[in-house]
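Beneath this line is the structure, given in C-alpha cells, with notes to follow.
Just so you know, all these numbers are worked out from the coordinates, no wet-lab data involved. What you are looking at is a predicted structure, and each value in this text was computed from that prediction instead of being measured. Glycine also receives a Cβ, built like all others from the backbone with ideal geometry; neighbour counts cover every protein chain displayed.
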Amino acid sequence: MAGADESQIYRDLMRFKPDGLSANAWAVKAGVSRTVWADMRRHGNPSRRTLEKLLAVAGSSLAEFEALRIGVGAGYAVSEASGVGESPARGWKASPPAQMPLLGSALAGEWGSAGSGIELVEIRQRDCVGRVPRPASLAAGDEVYAITVVGDSMWPRFRPGRRVAISPRAPVAVGDDVLVILKKNSPGGGNLALLKELVRRTSTHLELRQFNPDATLNVSAADVEAIHKVAGELI
C-alpha cells in the first residue's frame with residue numbers, strides 16, 4: 001500500500017518500473033540521481049528530462065505516461081527545470097501528435113494447405129491510402145502506422161473494416177496481438193503477414209492463434225521478417 005506521503009506522480013511512475021530492477025538500479029541505468037525518488041515522493045515535480053530518461057529505460061515515453069494519467073483523471077505539473085526538487089514551472093502540455101499513415105491491406109489466401117482457414121494478409125507497405133489520427137500513447141513512435149482489418153479470423157476481437165494501430169518498435173510479449181511480417185522467400189512471403197495473437201515464442205518458432213475458426217499455427221523463425229505489435233483499435 002502506498003504511503004500517504006508519496007506523491008501521485010511517484011505512485012504512477014512506479015507502475016512503469018522495469019521488471020528485475022530496483023528503483024535505485026532503474027535510476028542509475030537512466031543516468032539520474034538515486035535521490036530522485038525521495039525528491040519525487042516529497043515534492044512531486046520531476047523535470048521533463050528526468051521523466052523521459054526513466055521512461056526510456058522502461059521502454060515507454062512521456063506521451064504514453066501522460067496519456068495514462070489523463071485516462072485516470074490525474075493532474076500534475078512537470079517542471080521544465082533541469083533537476084528534481086526545483087520550484088514547479090508552468091505545466092507542460094504535449095503538442096498534438098502527428099498523423100500516421102494508413103497502409104493498404106487485403107486478404108491474400110490461406111497459410112499452409114488449402115482449406116486451413118488460417119488467413120494471410122497482404123500489407124502494401126508502399127501504398128499509403130490515407131492518414132489517420134495518432135493516439136497520444138504512440139506520439140513518440142516515428143514508424144507507427146495503421147491498417148484496416150480484412151477478413152474475420154480475429155473476430156470478435158477485431159471486426160472486419162476496423163482500423164488498428166501498429167507499432168514496429170514496441171516490445172512484444174506472449175498474449176499480445178501481433179502482425180507477423182513474412183520474409184519474401186518464405187512460404188507465401190512477399191508483402192504478406194499474419195495478424196494473430198502471440199501464444200509462444202522461442203528461438204526457433206512462433207506459435208500464433210486466431211479466433212475464427214479457433215486455430216493455432218507454428219511459424220518458423222527463419223520465415224519471419226519482423227514482428228510488429230498491434231497497439232490497439234482506433235476509435
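May I ask which of Lys29/Lys229; Lys53/Lys183; Lys29/Lys196 have a Cα-Cα span longer than 32 Å here? In this structure, Lys53/Lys183; Lys29/Lys196 exceed 32 Å between Cα atoms. Straight-line reach from Lys17: which aspartates and glutamates have Cα under 15 Å away, leaving out those fewer than 8 places along the same chain? Partners found: Glu52, Glu64. Annotation: peptides 106-116, 223-233, ranked by per-residue average of other Cβ atoms within 10 Å with the highest first, follow the order 223-233, 106-116. Taking the fewest neighbouring Cβ atoms within 10 Å as the starting point, the ordered list for Ser105, Ser203, Ser33 is Ser203, Ser33, Ser105.
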